[in-house]
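The structure appears right after this line, and notes come after that.
The values are calculated or read from the model by the stated rules, or taken from the named source; none is laboratory data. Please read all numbers here as calculations on a predicted model, not as lab measurements. Cβ sites come from the backbone with ideal geometry, for glycine too, and all protein chains shown count toward neighbours.
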Amino acid sequence: MKRVAIITSSDTLAGVRGDAVEDNRTREDISGTKIMEIIEAFGYKKVAYQILPDEQEVLERTMRELVDSGKVDLILTTGGTGFSNRDCTPEATRNVIERETPGIPEAMRQLSLGFTKRAMLSRAVAGIKGKTLIVNLPGSPKAVEECLTYILSELDHGLEILLGEASNCAR
């Protein structure tokens with residue numbers, strides 16, 4: 001069973017900004033919850049879940065700790081891939097990975113362009129550190145569902161190769 005860590009990058013959800021409470025209720029992490037639903041339905045096991053502020057050093061440290069623990073095969077991030085001055089998830093990911101896997105975010109952007117031209121504004125990246133794959137997903141719950149559902153079967157095959165579990169590499 002593949003082991004997954006989920007990181008939501010959001011100042012608001014992490015309580016960094018003053019608008020973390022709306023109508024006296026704490027906002028929910030809908031995108032992170034959507035990732036959990038999809039991976040569990042696909043047979044993956046969630047081993048970690050964190051909501052972090054849009055702080056590059058915090059994101060980098062957390063990703064490194066997860067990889068170094070040896071308990072995570074896949075890290076899925078959501079949020080922090082746009083044009084805001086605070087959006088730094090791609091930069092944090094690039095500083096952690098050893099090998100970039102550009103086809104994954106390219107495929108997500110290509111799919112998303114069929115729904116909205118704004119998909120071209122995504123700065124998401126993906127890559128490998130050791131035996132762990134890290135993928136930046138969009139922040140929108142709808143886009144998370146579309147993209148993750150689209151790439152997950154191919155990610156599964158890639159993870160099998162990465163982990164030495166692939167029995168047949170033929171297409």
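The condition (being over 19 Å from residue 147 (Cα atoms) and of a type in the set (Ser, Thr, Tyr)) is satisfied by just one residue among 31, 9, 69: 69.
Selection of the stretch 85-128 for residues being of a type in the set (S, T, N, Q) and at pLDDT 95 or above yields 89, 93, 95, 101, 110, 112, 116, 122. Against the condition closer than 23 Å to residue 13 by Cβ, touching a residue at least 12 places away in the same chain (Cβ under 8 Å), among the polar types (S, T, N, Q) and surrounded by fewer than 22 Cβ atoms within 10 Å (Cβ to Cβ), how does residue 62 come out, does it pass? Answer is yes for this residue. Every listed requirement among (1) under 18 Å from residue 50 (Cβ atoms); (2) surrounded by 13 or more Cβ atoms within 10 Å (Cβ to Cβ) is met by residue 70 save one, (2). Does the stretch 104-124 contain any residue that is touching a Phe, Trp or Tyr at 6+ places or on another chain (Cβ under 8 Å), buried (at least 19 other Cβ atoms within 10 Å of the Cβ) and under 20 Å from residue 141 (Cα atoms)? Yes - at least one qualifying residue is present in the stretch 104-124. Of the residues that sit in the stretch 41-56 and are out of contact with any helix residue (DSSP H, G or I) (no Cβ under 8 Å at 6 or more places or on another chain) and not in a strand (DSSP E or B), which one is farthest from residue 157 (Cα to Cα)? By that ranking, first place goes to 55. The criterion of at least 2 residues that are more than 20 Å from residue 14 (Cβ to Cβ) and in contact with a helix residue (DSSP H, G or I) (Cβ under 9 Å, 6 or more places away or on another chain) is met, among strands (runs of 3 or more DSSP E) falling completely within the stretch 66-171, by 126-129, 132-137.
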